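These notes are about the structure you will find just below.
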Amino acid sequence: MIVLGIETSCDETSAAVLENEKVLSNVIFSQIKTHRAYGGVVPEIAAREHLAKLPLVIDEAMRTAGVKMSGLDGVAVTYGPGLAGALIAGVSYAKSISFSLGIPLIGVNHLEAHLLSPFIEYPGIKFPYLGLVISGGHTNMYLARGLGDYKLIGSTRDDAAGEAFDKAAKMLGLQYPGGPSIAKAALKGDPSKINFPQAQMKDKSNDFSFSGLKTAVLYYIERNKNKLESGEITVNDIAAAFQKAVARSISNKLSRIYGEYGIKTVVLSGGVAANTYLKDEIKKFTDSKGIFFYTPSMKLCTDNAAMIAYTGYRHLKSGIKTGVDIDVDPELKVAVR
Ligand code: KG4
Ligand code: ZN
């Protein structure tokens, strides 16, 4: 079965071709350079860029895969959550391909795709597992019990972790997107110089809250201008301390939930899963408990169409169908049974 995947939910225009579970191509055009001038993603510009780049990206994905349009068995596309205009660009394109070739259209939930993305490289992962989807728009913890059977057991009450990285980077004068900038700066910083508060809820729930941490960074910068000017404290130190606080919050939460749900496997995905410090923190925890830990390689962590095609393929194989009348859903949640 050969499936074309299309992803346009935010600022990456991506197309991928999969033959069963094997990735034949995964082309990603990042709009980061365009949005950087504005310090964040501009929805209207994102939608236009997707429309302009989709034909080229799809063409390249098909050529790299060595597959003709007539060889496709289905087209999978992200229909939510994400930016409305950006999603419409991808869904309209996918609909026209599905209609003109007479092949099934599979609407894919972007969050489910992140959740399943580690299967592409580690097909042996066994349900149930604890799935952490940590990206620019989401900080969700799911108990994944089977394909299409996910229970949300915790999320953020305010900012997503990636959003916190992006906002903290802005305060520190580091370029957008903040995650990679902070990770890079943190390599040269000393995380022990500052103790930022953890992103935990006071009520001991399984939820996160990153807005307090964000405010703490802001106040720290304002109150320590002298130390920053004298070089006693550097932007790199603040970045390192911030990154440590985010990673600790997540690994501490994991250690609480672990006991409650008897977890044997942890799966980390989403853009923030590209963060090496976070991965190491989680690995330290899972190693100490003797549980399995899987996370995709960098290209499959951040937004990409391979995970969309993969999720579409799994749906198609298990007979889950989407109508051609599918509409975008910017607020789409992962189905809870
Ligand atoms: O999954 P993704 O590509 O898009 C969404 O679905 O949101 O995630 C993008 C987010 C951004 O907030 C970006 O700053 C963050 O992932 N990110 C990172 C790193 N690379 C990307 N955060 C921390 N460390 C990184 N190395
Ligand atoms: Zn994403």
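Going by amide H atoms built from the backbone, whose H comes under 5 Å of the H on Ala76, apart from near neighbours? It is Leu4, Gly5, Ile6, Ile106, by chain and number. Listed values for the range 167-182 are Karplus-derived 3J(HN,Hα) couplings in whole Hz (6.51 cos²θ - 1.76 cosθ + 1.60, θ = phi - 60°), namely 6, 5, 4, 4, 4, 8, x, 9, 6, 6, x, x, x, x, 5, 5, and x replaces Gly and Pro. Longer than 31 Å from Cα to Cα, which of Lys151/Lys193; Lys188/Lys225; Lys151/Lys289 are they? Say none if no pair is. Correct reply: Lys151/Lys193. Less than 12 Å Cβ to Cβ from Tyr258, Lys/Arg counted +1 and Asp/Glu -1: what total charge do the surrounding residues give? Its environment carries a net charge of +3. Ligands, DNA and RNA left out, the accessible area of the range 206-302 computed with a 1.4 Å probe is 51% carbon and sulfur.
Normalising the Debye intensity of the range 125-295 to I(0), with uniform scatterers on Cα atoms only, and taking log10 at q = 0.18 Å⁻¹ returns -1.08. For q values of 0.09, 0.10 Å⁻¹, compute log₁₀ I(q)/I(0) with the Debye formula on a Cα-only model of the chain, without solvent. So the normalised log intensities work out to -0.48, -0.58.
About its Cα centre, the chain has a charge dipole of approximately 840 debye under the convention of +1 per Lys or Arg Cβ and -1 per Asp or Glu Cβ, with nothing else charged. Residues in the range 88-102 carry Karplus couplings, in order, of 4, 4, x, 5, 4, 4, 5, 4, 5, 5, 4, 5, 6, 8, x Hz; the curve used is 6.51 cos²θ - 1.76 cosθ + 1.60 with θ = phi - 60°, and Gly or Pro positions show x.
Between Lys33, Lys53, Lys22, the GNM of the chain built on Cα springs shorter than 10 angstrom shows Lys33 fluctuating the most. The packing ranking, built from the mean of other Cβ atoms within 10 Å per residue, places the peptides 152-159, 62-69 in the order 152-159, 62-69, highest first. Here's the picture: charge each Lys and Arg Cβ at +1 and each Asp and Glu Cβ at -1 in the chain, and of Gly178, Thr286, Ser96 the one pushed furthest to the positive end of that dipole is Thr286. Annotation: amide H-H contacts under 5 Å for Asp190 (H modelled 1.01 Å from N, sequence separation of 5 or more, or interchain): Asp237. The relative contact order of the range 125-295 comes to 26 percent, based on Cα pairs under 8 Å that sit 6 or more residues apart. For the peptides 114-126, 285-297, residues were scored by their other Cβ atoms within 10 Å and the scores averaged per peptide; the highest-first order is 114-126, 285-297.
The string of couplings for the range 190-198 from the Karplus curve (6.51, -1.76, 1.60, θ = phi - 60°) is 10, x, 8, 6, 10, 10, 7, x, 7 Hz, one whole number per residue in order, with x for Gly and Pro. Counting only protein heavy atoms and a 1.4 Å probe, the chain has 43 square angstrom of accessible area per residue.
Remark: relative contact order (the chain) = 25 percent; criterion is Cα-Cα distance under 8 angstrom and separation of 6 or more residues. Amide hydrogen proximity for Phe208: with H placed 1.01 Å from N in the peptide plane, the residues at 5 or more positions away or on another chain lying under 5 Å are Ser155, Thr156, Arg157.
The values are calculated or read from the model by the stated rules, or taken from the named source; none is laboratory data. Source: prediction; values computed, not measured. Methodologically, a virtual Cβ is constructed for each residue, glycine included, from the backbone with ideal geometry; neighbour enumeration extends over all protein chains shown. Just the protein is used for accessible areas: all its heavy atoms, side chains included, with ligands, DNA and RNA removed. Shrake-Rupley method; radii C 1.70, N 1.55, O 1.52, S 1.80 Å.
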